[in-house]
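Notes for the one structure printed next.
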Amino acid sequence: MKYIIKLFFCFMISIVSSQNKRISPDINVRPTNSYDFKIVLKQGIPLYQYEVNSALEGDYNILIFYKDSSKKDSIINDSDGPRMTLQYDLPFSKYKTDKNIEIGIFKNGFKNGLWETKQKNRIVKKENWRHGLITGDYRVYSTKNEILYSTSFGTSGNGIFKDYYYEIGELKEEGRYKKGKKEGEWCTYLKDGTLDKQINYTDGNPDTK
């Protein structure tokens, strides 16, 4: 009888453990570089696609590139609307990488569910998305696993966003989300704290004035 009870107890523990364990991306996870696709804004929501009518779908592992601030920026508006420009449009020489990797799922081209950013094999950011709208808990960590910022956008997607240079703990970007979209003044900073760029958003779209 004691043996049967012990077996039952072990069985229940294994069920609970399996429920709490996060499911890893499947074998179809797609490694890619951020300059391989472009990001358009659809009603103020970032839509990720390789080309028109070719949205990203499924699990992705993305090596992030960013604009070299010493290079001249470009503003591009086309039939898809305003968009953030990556290597899809500009020469590779205009981009750098800190070797940050974003891991998560796209659904019809929109970020969906839990997304994690890794640097040097350490998780430095956790964020949650619902059909391209930010929602829920948001956490930023240093490469030493120190919490740099923690907040919740709740179910409505409202709150203050901050991102950091993970290795030195300095503020990199800040702004506000309203109903899951960027709203108002957004600022990005260089590693020495100097203001690099300031953009105003209305309902997720950058002001063109």
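Here are some notes:
- Once segment 109-122 is narrowed to residues that are farther than 19 Å from SER142 by Cβ and over 9 Å from the mean Cα position of the chain (by Cα), the residue that is modelled with the lowest pLDDT is GLY109.
- Any hit, segment 86-108, residues being at pLDDT 90 or above and basic (Lys, Arg): yes
- Residue that is surrounded by the fewest Cβ atoms within 10 Å (Cβ to Cβ), among those in segment 148-202 that are more than 16 Å from the chain's Cα centre (by Cα) and of a type in the set (S, T, N, Q): THR194
- Condition check for ASP207: touching a strand residue (DSSP E or B) at 6+ places or on another chain (Cβ under 7 Å), farther than 25 Å from ASP98 by Cβ, at pLDDT 95 or above and not β-branched (Val, Ile, Thr): no
So that you can scan it fast, the table gives a plain yes or no per residue for (1) in a loop (DSSP other than H, G, I, E, B); (2) in contact with an Asp or Glu (Cβ under 6 Å, 6 or more places away or on another chain); (3) closer than 24 Å to TYR48 by Cβ:
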site	(1), (2), (3)
VAL124	no, no, yes
GLY136	no, no, yes
TYR149	no, no, no
ILE168	yes, no, no
GLN198	no, no, no
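- Criterion (within 15 Å of the chain's Cα centre (by Cα) and closer than 18 Å to SER34 by Cα) met by exactly one of GLY136, GLY132: GLY132
- When LYS144, LYS125 are checked against the criterion of being surrounded by 14 or more Cβ atoms within 10 Å (Cβ to Cβ) and among the basic types (Lys, Arg), LYS125 stands alone in meeting it.
- GLU173 being acidic (Asp, Glu), out of contact with any Gly (no Cβ under 7 Å at 6 or more places or on another chain), assigned to a strand (DSSP E or B) and closer than 29 Å to THR194 by Cα: yes
- Near pairs, Cβ below 6 angstrom, 6+ apart or cross-chain, from segment 130-146 (polar (S, T, N, Q)) to any residue that is crowded, with 21+ Cβ neighbours inside 10 Å: THR135/PHE153; SER142/TYR166; THR143/TYR166
- Tallying residues that are acidic (Asp, Glu) and closer than 19 Å to GLY157 by Cα within segment 93-142 yields 3.
The values are calculated or read from the model by the stated rules, or taken from the named source; none is laboratory data. Quick caveat, the model's predicted, so the values are computed rather than measured. Reconstructed Cβ throughout: ideal geometry from the backbone, glycine too, with neighbour counts over all protein chains shown.
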